[in-house]
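The values are calculated or read from the model by the stated rules, or taken from the named source; none is laboratory data. Only a predicted model underlies this, so the values are computations on that prediction, with no experimental measurement involved. Ideal geometry is used to build each Cβ from the backbone, glycine not excepted, and the neighbour counts take in all protein chains shown. To get the accessible areas, we keep the full protein, side chains included, count just its heavy atoms, and leave off ligands, DNA and RNA. Shrake-Rupley method; radii C 1.70, N 1.55, O 1.52, S 1.80 Å.
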Amino acid sequence: MKLLYFAWVRERIGKTEEEVAPPASVGTVADLVAWLAGRGEEYAYAFENPKVIRAAIDRKHVQPDTPIAGAREIAFFPPMTGG
């Protein structure tokens, strides 16, 4: 699946996107965040506070407990502020 990173998540990881194949045990957005956080220092830094990370699956905002099966694209971004 394709992962997209935005704003400070992108800056901390050091890339805008990547293709990943998480293990079968990764079933939800929260599982994916936890798995990513274990991939290295930059990922651990980006996902150090998973409660503030927002996600979208195939361009639809989702909750952390949303299953990722069948997702083509998952985007991660920090909270947005209005203005």
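Of the residues screened, V26 is one that is surrounded by 17 or more Cβ atoms within 10 Å (Cβ to Cβ), of a type in the set (V, I, T) and assigned to a loop (DSSP other than H, G, I, E, B).
Within region 33-83, the set of residues being of a type in the set (V, I, T) and more than 13 Å from I13 (Cβ to Cβ) comprises V52, I57, V62, T66, I68, I74, T81. For region 39-69, the set of residues classified as on the phi > 0 side of the Ramachandran plot and open to solvent by less than 70 Å² (accessible area, probe 1.4 Å) consists of G40, D58, listed by residue number. For E11, indicate whether it is among the charged types (D, E, K, R) and in contact with a Leu (Cβ under 8 Å, 6 or more places away or on another chain). The answer is no for E11. Considering the conditions (1) β-branched (V, I, T); (2) modelled with pLDDT under 95; (3) open to solvent by less than 60 Å² (accessible area, probe 1.4 Å), V9 is excluded by exactly one of them, (2). Looking across region 56-83, the residues that are closer than 14 Å to M1 by Cα, free of Cβ contacts under 8 Å to residues at least 60 places away in the same chain and in a loop (DSSP other than H, G, I, E, B) come down to D58, R59, A69, G70.
Note on region 29-55: among residues that are part of a loop (DSSP other than H, G, I, E, B) and among the hydrophobic types (A, V, I, L, M, F, W, C), the one that is farthest from F76 (Cα to Cα) is F47.
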